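The structure appears right after this line, and notes come after that.
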Amino acid sequence: PSKAAWAPCTADDGRTGHLDRTSPSRSSPAAAIRIRFCTAFPSSAERWARFARVTPNCYIDCSFCHCWWKMSECFEVATCDKVLFGSDGPLWHPLPELMKVRVCHLSPEDEEKVLWKNAVKVFKLGGD
């Protein structure tokens, strides 16, 4: 597939690779799939946000964002229920990345979802 049709991803079982929008996470519907660096590439960020919105087990990570203005678009398109913060390697200091989330002026509830509540749910950290 063309580069625009795939993205680096990690499944919650530790597998890494590239996710193809033409045959996505349907092959592993029980695994949570994280699209890494979604906002690092402005040309495809919104497409991956739309994909995450309609794919039940797919989430996007908003860290490592070169184009901070794309973050608010991704929050709106994917919804804050489908966005993770810092779920991949710490490529930058976390404070500038955190500030990029804060300048999007999310509601307190949505900011909590992005910064930690979604990760608790996706990675099953709640002790349930």
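In whole angstrom, how far apart do the alpha carbon centroids of the stretch 46-67 and the stretch 96-121 sit?
Here the two parts' Cα centres lie 14 Å apart.
Of PHE51, PHE85, which has the most accessible area with a 1.4 Å probe, and how do the rest follow in descending order?
Per-residue accessible area, sorted high to low, gives PHE85, PHE51.
From largest accessible area down, sort GLU111, GLU76; use a 1.4 Å probe on the protein chains.
Correct descending sequence by accessible area is GLU76, GLU111.
Computing the accessible area with a 1.4 Å probe over protein heavy atoms, can you report the carbon and sulfur percentage for the stretch 51-124?
Exposed carbon and sulfur together represent 64 percent of the surface.
The values are calculated or read from the model by the stated rules, or taken from the named source; none is laboratory data. Predicted model only: the values in this text are computed from it and were never measured. Just so you know, the surface numbers come from the protein's heavy atoms only, side chains and all, with ligands and any DNA or RNA stripped out. Shrake-Rupley method; radii C 1.70, N 1.55, O 1.52, S 1.80 Å.
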